[in-house]
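Down below is the structure, laid out as structure tokens.
The values are calculated or read from the model by the stated rules, or taken from the named source; none is laboratory data. This one's a predicted model, so the numbers in the text were calculated from it and none came from an experiment. FYI the Cβ positions are ideal-geometry reconstructions off the backbone, even for glycines, and counts take in every protein chain you see.
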Amino acid sequence: MKEIIRIERIKRDFIVGEETVHALRDVSFTIREGEFVTIMGSSGSGKSTLLNTLGCLDTPTQGEYYLDEVSVRTMGKNARATLRNRKIGFVFQSYNLLPKTTAVENVELPLLYNPAYSASERRKKSIESLKAVGLGDRLNHKSNQMSGGQMQRVAIARALVNDPAVILADEATGNLDTRTGFEVLVLFQRLHAEGKTIIFVTHNPEIAHFSGRTIVLKDGRVVSDTTNSHIESAAYVLAQLPLNNE
């Protein structure tokens, strides 16, 4: 399988007052097409900085980052923004949906910046994406008319609409109750089974049971990178949970 992400000896330093904070220290790994990878670490481990780097929101102080075989580090801000829009689908803990805006309009957002799509094509793709996450009956619902789980599905539909090279999820089940969190995990496992490349950044060790590989960060370094030989089924766990979440 081809490489989707390759980072080589990445360092990221921040100047805070008189001190230099080494947020990432010599981090290297490769993620191939179709992998489902969990990136874990406690607060202060460097995972947020790594997420921002992988998401083309920040550039490393040193080292190289290749996204779908394109070198990111030397890019200008605008080129990086375009690459981010075309290649990465983001799913955030707090959904980041526009309030008072319908599900379809939220999902259309990434396509607004892509001149290849007309208004009718944007709408068609957005509806397809919402149907793919089970929200075909909620197309015109606004954020305040949806549950947390439904809002996160809209966010996932928005991440999918550009057919990105990678889906980058940041604590995507963090705001959800147990049952709804597993419903979202079922969806991620299904997308993975369909061939999507998923990177799930979390501090919750339980999530790692449902992905194929776990990278653990501590003090800005990769301390382990392991393959999961027994991937649990989120659908099976969901089926065992009581309906009222007691």
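Among what's in the stretch 67-116 and is without any contact (Cβ under 8 Å) to a residue 40 or more places away in the chain and among the β-branched types (Val, Ile, Thr), pick the residue that is surrounded by the fewest Cβ atoms within 10 Å (Cβ to Cβ). Walk me through it before giving the result.
Narrowing the stretch 67-116 to residues without any contact (Cβ under 8 Å) to a residue 40 or more places away in the chain: 70-84, 104-105, 112-113, 115-116.
Within this subset, residues satisfying the condition of being among the β-branched types (Val, Ile, Thr) are 70, 72, 74, 82, 104.
Details: Val70: 14, Val72: 22, Thr74: 10, Thr82: 15, Val104: 20.
It comes out as Thr74.
Checking the condition within 17 Å of the chain's Cα centre (by Cα) and under 30 Å from Leu111 (Cα atoms), which residue from Glu35, Glu64, Glu69 passes?
Glu35
On the given criteria, is Leu241 without any contact (Cβ under 8 Å) to a residue 60 or more places away in the chain and of a type outside the set (Phe, Trp, Tyr)?
Working: without any contact (Cβ under 8 Å) to a residue 60 or more places away in the chain: no; of a type outside the set (Phe, Trp, Tyr): yes.
Considered against the rule, which asks whether it is without any contact (Cβ under 8 Å) to a residue 60 or more places away in the chain and of a type outside the set (Phe, Trp, Tyr), Leu241 comes out as no.
Restricted to the stretch 83-105, and to residues that are assigned to a helix (DSSP H, G or I) and either out of contact with any helix residue (DSSP H, G or I) (no Cβ under 6 Å at 6 or more places or on another chain) or not small (Gly, Ala, Ser) (or both), which residue is farthest from Gly181 (Cα to Cα)?
Leu83
I'm trying to understand the selection: among the residues of the stretch 212-246, which are within 17 Å of Leu176 (Cβ to Cβ) and not β-branched (Val, Ile, Thr)?
Hits for the stretch 212-246 are Ala234, Ala235, Leu238, Leu241, Pro242, Leu243, Asn244, Asn245, Glu246.
Considering only residues of the stretch 106-133 that are among the aliphatic types (A, V, I, L, M) and either in a loop (DSSP other than H, G, I, E, B) or in contact with an Asp or Glu (Cβ under 7 Å, 6 or more places away or on another chain) (or both), which is nearest to Tyr95 (Cα to Cα)?
By that ranking, first place goes to Val133.
Is one or more of the residues making up the stretch 170-182 under 12 Å from the mean Cα position of the chain (by Cα) and in a strand (DSSP E or B)?
Taking every residue of the stretch 170-182 in turn, at least one turns out to be under 12 Å from the mean Cα position of the chain (by Cα) and in a strand (DSSP E or B).
Can you find a residue that is modelled with pLDDT of 95 or more, under 19 Å from the mean Cα position of the chain (by Cα) and closer than 30 Å to Leu176 by Cα anywhere in the stretch 8-27?
no
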